[in-house]
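Bear in mind that the values in this text are calculations on the coordinates, not laboratory data. Since the structure is predicted, the reported quantities are computational estimates derived from the model, not experimental observations.
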Amino acid sequence: MSELEAQGIPSVYVASTEFVEAGEAQARALGLRPAAVFVPHPIQDRTDEEMRALAEGAVEEIVARLVGQPPVPGSGWGSTSRPAAGGQRGSRRPARS
């Protein structure tokens, strides 16, 4: 991600909510503040249909992060480690059940 960002190519990572703290710790260790979107955990036992629903539910948030907008109001998905508008860090929102 850092190589893409250095070239001016925006990036965002998507992970399940189980990895919020791990993702933030890894970013701190690397000195990065990547955009991130978190989807409900677990992932591995989901059907293709359930995975499509997760993707459809997260796509608006992913696009918003790619273009540098603050988290999508009312999306109920994800969070961001990149500063939101006004220099404030994005807020973590609860995942949908």
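Below are the figures for this structure:
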item: Translational D in µm²/s for region 1-70 (Stokes-Einstein at 20 °C, 1.002 mPa s, Kirkwood Rh from C-alpha pairs); result: 164 µm²/s
item: Residues with amide H under 5 Å from that of Ser16, placed H, sequence gap 5 or more; result: Val39
